[in-house]
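> After the structure tokens below, expect a handful of questions from me.
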Amino acid sequence: MRIERYTLAMAAIIAVCYCICPIDDSISLMAIYDNCNGDMWIEPTNWGSDANKCDWKGVTCNSEEHVVGLDLSFMNVGPTWPTDLECLPLLRSLNLSNNPIFSSVPDMLGNLSGLKTLDLSHMGLVGEVPASLCSAEFLREIDLSGNYLTSVPSCLLSMPFLQTLDLSCNMLAEDYSGMLGLEQGVACIIGGFATSYNISCNPAKSGAETCECGRIPQGVCPSEVETECGVGLLE
């Protein structure tokens with residue numbers, strides 16, 4: 001009996017040590033605030049106050065007051081990643097753009113399985129985008145522009161629900177035109193979805209004539225891809 005009680009007690013301690021997510025999303029939000037220098041944030045209206053968490057700046061809730069959206073752009077969040085994002089299980093939209101994180105893209109973002117929109121632009125991100133990000137398979141919009149990223153996994157270019165992908169103005173040395181089908185003027189990287197993409201302003205590309213941003217008509221694989229860069233059709 002004593003052994004059983006000891007085993008149960010140890011299991012409880014281990015569970016606590018592995019940081020089981022709290023039921024109340026406000027606790028996870030405050031953990032993000034505390035771990036990412038919240039005292040230095042720019043205008044974090046209502047954060048840490050008695051106001052309902054759904055009234056905190058940048059927080060969007062559903063009808064049951066679960067956090068489904070988080071927009072912390074331009075708020076000086078950092079320099080560490082808000083790892084407690086994993087404890088927001090219903091998060092659908094995340095915008096951390098224009099914050100001084102200055103690190104690599106973390107694997108944990110792939111654990112945000114319900115995420116549909118992700119904006120990590122202009123954050124000083126470096127290195128390779130991890131393949132684990134593809135685990136967030138329901139992503140529709142990804143913006144990684146304006147960083148120092150050197151490569152992206154091929155799976156990112158063929159995610160099943162992806163509609164917008166912006167990789168512009170990074171340090172991508174590889175020419176991803178082939179993966180996108182641009183060498184034949186075809187950019188049907190995912191079937192059935194209208195997809196816009198932008199891989200311009202990278203070392204592998206130079207000059208306006210190679211500006212690689214465009215869109216695919218719904219369910220169509222055209223022989224020429226209409227661009228939005230003001231340079232006509234890709235050939």
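The values are calculated or read from the model by the stated rules, or taken from the named source; none is laboratory data. A quick note: this is a predicted structure, and the numbers were derived from the prediction, not measured. When we count neighbours, we look across all protein chains shown, and the Cβ atoms used for this are built from the backbone with ideal geometry, even at glycine.
> Sort out which residues of the range 32-70 are in contact with a Leu (Cβ under 8 Å, 6 or more places away or on another chain) and not in a loop (DSSP other than H, G, I, E, B), and write them in order of number.
The answer is 32, 53, 59, 60, 67, 68, 69, 70.
> Could you say which residue among 75, 108 is within 25 Å of residue 164 (Cα to Cα) and in a loop (DSSP other than H, G, I, E, B)?
Details: 108 fails: in a loop (DSSP other than H, G, I, E, B).
Answer to the check: 75.
> A follow-up question, please. Does residue 44 fit the bill of being on the phi < 0 side of the Ramachandran plot and touching a Cys at 6+ places or on another chain (Cβ under 8 Å)? Step through it out loud before you land on a result.
Details: on the phi < 0 side of the Ramachandran plot: yes; touching a Cys at 6+ places or on another chain (Cβ under 8 Å): no.
For residue 44, the condition - on the phi < 0 side of the Ramachandran plot and touching a Cys at 6+ places or on another chain (Cβ under 8 Å) - is not met.
> Quick check: is even one residue across the range 79-99 under 24 Å from residue 134 (Cβ atoms), surrounded by fewer than 15 Cβ atoms within 10 Å (Cβ to Cβ) and of a type in the set (Phe, Trp, Tyr)?
no
> Same structure, new question: Out of the residues in the range 135-149 that are touching a strand residue (DSSP E or B) at 6+ places or on another chain (Cβ under 6 Å) and either among the aromatic types (Phe, Trp, Tyr) or closer than 12 Å to residue 199 by Cα (or both), which is surrounded by the fewest Cβ atoms within 10 Å (Cβ to Cβ)?
Checked the range 135-149; the qualifying residue surrounded by the fewest Cβ atoms within 10 Å (Cβ to Cβ) is 148.
> Is there a residue in the range 12-22 that is closer than 22 Å to residue 139 by Cα, under 24 Å from the mean Cα position of the chain (by Cα) and either aromatic (Phe, Trp, Tyr) or at pLDDT below 95 (or both)? I'd like the intermediate steps shown before the answer.
The initial filter retains those residues of the range 12-22 that are closer than 22 Å to residue 139 by Cα, namely none.
Scanning the range 12-22 turns up no residue that is closer than 22 Å to residue 139 by Cα, under 24 Å from the mean Cα position of the chain (by Cα) and either aromatic (Phe, Trp, Tyr) or at pLDDT below 95 (or both).
> Across the range 31-82, what is the total count of residues that are of a type in the set (Phe, Trp, Tyr) and without any contact (Cβ under 8 Å) to a residue 24 or more places away in the chain?
Summing the residues that are of a type in the set (Phe, Trp, Tyr) and without any contact (Cβ under 8 Å) to a residue 24 or more places away in the chain in the range 31-82 gives 2.
> For the structure I just gave you, tell me whether residue 29 is of a type in the set (A, V, I, L, M), part of a helix (DSSP H, G or I) and at pLDDT 50 or above.
On the way: of a type in the set (A, V, I, L, M): yes; part of a helix (DSSP H, G or I): yes; at pLDDT 50 or above: yes.
Spelling it out, residue 29 is indeed of a type in the set (A, V, I, L, M), part of a helix (DSSP H, G or I) and at pLDDT 50 or above.
> With (1) over 12 Å from the mean Cα position of the chain (by Cα); (2) more than 28 Å from residue 42 (Cβ to Cβ); (3) among the hydrophobic types (A, V, I, L, M, F, W, C); (4) crowded, with 18+ Cβ neighbours inside 10 Å as the list, and residue 131 as the residue in question, which single condition is left unmet?
All conditions are met except number (4).
> Taking residue 165, is it crowded, with 17+ Cβ neighbours inside 10 Å, without any contact (Cβ under 8 Å) to a residue 40 or more places away in the chain, in a strand (DSSP E or B) and not charged (D, E, K, R)?
Numbers: crowded, with 17+ Cβ neighbours inside 10 Å: yes; without any contact (Cβ under 8 Å) to a residue 40 or more places away in the chain: yes; in a strand (DSSP E or B): yes; not charged (D, E, K, R): yes.
Taking the combined requirement at face value, the residue satisfies it.
> Related question: All but one of (1) under 28 Å from residue 164 (Cβ atoms); (2) out of contact with any Gly (no Cβ under 8 Å at 6 or more places or on another chain); (3) surrounded by 13 or more Cβ atoms within 10 Å (Cβ to Cβ); (4) hydrophobic (A, V, I, L, M, F, W, C) hold for residue 42; which doesn't?
(3)
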